[in-house]
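See structure below.
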Amino acid sequence: MYSANAQKVKPISLDAHRISRDLMDPAKSTLSYEVRSITPDCAALILSANPSNEEVDRQAVKTYTDAMTARAWIYNAQPILFDTEGKLLDGRKRLMASVISGESFRTLIVNGIQRDTVHTIDQHRRRSYAGVLEARGIKHAGSLIRTMAKLIRIERGTFGKPDSPASWARYDQVLELNPGIMDAVEMSEMTRGCPLHS
């Protein structure tokens with residue numbers, strides 16, 4: 001249990017148990033997001049269900065704690081991330097600050113993130129999305145990404161214009177919603193010289 005001192009420890013409410021179970025529900029394995037208020041009790045339950053041996057940036061936790069204690073925490077749209085199994089991927093320091101300060105905070109919760117698409121956030125390693133797809137055993141990753149990028153640009157109404165790159169989570173969503181893309185890319189790769197692209 002994370003607490004500033006022993007006097008702040010109190011029984012965790014049944015409501016916090018229900019909310020934390022809902023947030024970490026592995027049934028939410030598809031990508032979804034919502035804005036929620038996280039109570040200190042709920043934050044403590046999430047942290048206890050997701051222990052970590054990694055060193056925590058204590059200064060960052062203190063900065064967050066001070067802001068929450070002063071009721072100066074600003075909704076910054078940095079989400080609390082859970083993977084496809086309901087395990088915490090990102091947001092540990094904010095959850096710890098909530099428990100230590102005893103303050104609730106409003107945040108974006110994202111469920112169903114594929115763990116291999118967010119490793120670069122925490123580890124600061126450069127890796128392409130093609131590398132992620134290849135690690136999953138998917139063939140023709142480059143062609144698949146180019147096809148999905150075209151679909152995304154068509155959907156955005158920016159086809160044929162300069163466009164900002166899509167996030168890995170967006171590619172995952174397009175791939176999940178359009179499983180036929182892999183078949184189309186496979187057929188395209190088998191028919192070299194064909195004027196029809198995947």
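Taking Lys and Arg as +1 and Asp and Glu as -1, the other residues whose beta-carbon sits under 14 Å from that of Pro51 total 0.
Sparsely packed loop sites in region 37-81 (the trypsin sites (Lys or Arg not before Pro) outside DSSP H, G, I, E and B with at most 16 other Cβ atoms within 10 Å) comprise Arg71. Based on the Cβ-Cβ distance from Ile74 to Arg146, what FRET efficiency comes out when R0 is 30 Å, to the nearest 0.05? Computed FRET efficiency for Ile74 and Arg146: 0.20. Which of rounded, prolate or oblate describes region 16-65 when judged by the alpha-carbon gyration tensor and an a/c cut-off of 1.5? It comes out prolate by the Cα gyration axes. A simple spin-label model places the labels of Ser32 and Thr84 1.7 nm from each other, with each point 7 Å out along Cα-to-Cβ. Which aspartates and glutamates, if any, have their Cα less than 15 Å from the Cα of Lys150, not counting same-chain residues under 8 positions apart? Within the straight-line limit of under 15 Å, Lys150 reaches these aspartates and glutamates: Asp163, Asp172.
Read-outs: derived from the displayed coordinates by stated rules, not from any lab. Please read all numbers here as calculations on a predicted model, not as lab measurements. All Cβ positions, glycine included, derive from the backbone under ideal geometry; neighbour counts span all protein chains shown.
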